[in-house]
Ligand SMILES: C[S@@+](CC[C@H](N)C(=O)[O-])C[C@H]1O[C@@H](n2cnc3c(N)ncnc32)[C@H](O)[C@@H]1O
Ligand code: SF4
């Protein structure tokens, strides 16, 4: 179980966020830590795949990782061990996961899995305690797959997925949950039904179908968003667009600036996972985490949300706000949050808080450990996002009960 100070930190975070403070006394609860900026594939809508050179090539030094985990580990609840590179090219990734698990942090990793992995590496990853492994596989045939995952080897990905599943079963574990992630474009949407039919036979537990960002010219060379509006992030009715408009019109503070952080392989700190260029980062961890966390750029970014309603985009959202991932826009001019690359994700930290709240309740009941009820009280109880989830769940149960009764 996490120490009590992790839960009191959550309460402080919620107060800082509600009061839109610029200088804050809480630590992040969600982190992206990117082990390496290297990747051998050339996906044409990824800044790394396009070799845009927005970040210098680097591998995260172990002592930097350790220092950050010593300071933030007790407060973090969720860790994404990837961002702009291929995390399985970094040999110490299993050790990083083990370090995070020792702090009782939920760890998620996304990989192209198109690389040669020996038995020992797969067993080490399974045994590390990794919670979720997302496998990027945007095709149900080799030809379609390679259209986006340029340089990738479809058969190897499938073999690696099966290998992971076999190693997990042999170890008698339920984790890592294996998620097959299929980014839907126009060129691969005809394979949605095939992937739905076969992903389990490849060893995956879940399938995620998601729209793709296409912000990097020449992204239109042979690429187009899906013709299905639910997978076209640029369609005005897509939930991302609706959510972005809601958040930008509202006056809520960008929650990443209070509860989320990204550590890049160079040790540079970004305010969220959508910052493609190092020029937009907020500082370097070498100067001390708190010095960056409450430094000039963070304070300026937090102050953006203190503007009056008139200071925010009132109607409609300028197209560039949804251009995605911040590329194509001038880097380094003011703080990036004034031209937020992922406005639809500004409320992500509320979701983390909600997951922690319900997680504590579930563990209190399942494991009969009343200390989790104390933890829930210390963090200020469930937040609004948690209550909204509960209402939605109740609605679904009632609808299902009515359907059965009929
Ligand atoms: C930049 S990748 C780094 C991790 C790893 N190399 C991979 O591809 O899974 C991080 C995540 O972004 C996803 N991704 C890649 N291109 C994308 C795009 N154009 N739009 C949205 N997500 C994308 C990947 O599938 C992956 O889940
Ligand atoms: S595999 Fe991941 S990091 Fe590599 S180019 Fe593709 S999306 Fe980018």
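Quick one: residue 71 ticks every box in (1) in contact with a helix residue (DSSP H, G or I) (Cβ under 6 Å, 6 or more places away or on another chain); (2) buried (at least 20 other Cβ atoms within 10 Å of the Cβ) bar one, so which box is it?
The number of the failed condition is (2).
Could you list, in sequence order, the residues of the range 202-217 that are closer than 22 Å to residue 165 by Cα and within 15 Å of ligand 2 (Cβ to nearest atom)?
208
Is there a residue being surrounded by fewer than 17 Cβ atoms within 10 Å (Cβ to Cβ) and within 30 Å of residue 104 (Cβ to Cβ) anywhere in the range 210-221? Reasoning before the result, please.
Going residue by residue through the range 210-221, those that are surrounded by fewer than 17 Cβ atoms within 10 Å (Cβ to Cβ) are 210, 217-218, 220-221.
The next check asks that each one be within 30 Å of residue 104 (Cβ to Cβ); those that pass are 210.
Scanning the range 210-221, I find at least one residue that is surrounded by fewer than 17 Cβ atoms within 10 Å (Cβ to Cβ) and within 30 Å of residue 104 (Cβ to Cβ), so the answer is yes.
Given the condition within 15 Å of ligand 1 (Cβ to nearest atom), at positive phi and not in a strand (DSSP E or B), answer yes or no: does some residue in the range 31-52 qualify?
Checked against the condition, which is being within 15 Å of ligand 1 (Cβ to nearest atom), at positive phi and not in a strand (DSSP E or B), the range 31-52 yields at least one hit.
Restricting to the range 167-201, name every residue that is within 16 Å of ligand 2 (Cβ to nearest atom) and more than 23 Å from the chain's Cα centre (by Cα). Even if it seems obvious, please write down each step before you answer.
If we filter the range 167-201 for residues that are within 16 Å of ligand 2 (Cβ to nearest atom), which is where we start, we get 179-185, 187-188.
Those that are within 16 Å of ligand 2 (Cβ to nearest atom) and more than 23 Å from the chain's Cα centre (by Cα): 187, 188.
Could you count how many residues in the range 210-226 are modelled with pLDDT under 75 and near ligand 1 (Cβ under 10 Å from one of its atoms)?
Of the residues in the range 210-226, the ones modelled with pLDDT under 75 are 215-222.
Still in the list and also near ligand 1 (Cβ under 10 Å from one of its atoms): 215-216, 219.
So the answer is 3.
Would you check if residue 116 is surrounded by fewer than 23 Cβ atoms within 10 Å (Cβ to Cβ), within 16 Å of ligand 2 (Cβ to nearest atom) and closer than 18 Å to residue 212 by Cβ? Spell out how you get there, then give the answer.
Values: surrounded by fewer than 23 Cβ atoms within 10 Å (Cβ to Cβ): yes; within 16 Å of ligand 2 (Cβ to nearest atom): yes; closer than 18 Å to residue 212 by Cβ: no.
In short, no.
The values are calculated or read from the model by the stated rules, or taken from the named source; none is laboratory data. Since the model is a prediction, treat every value here as computed from it, not as a measurement. Cβ atoms come from the backbone with ideal geometry, glycine included; neighbour counts cover every protein chain shown.
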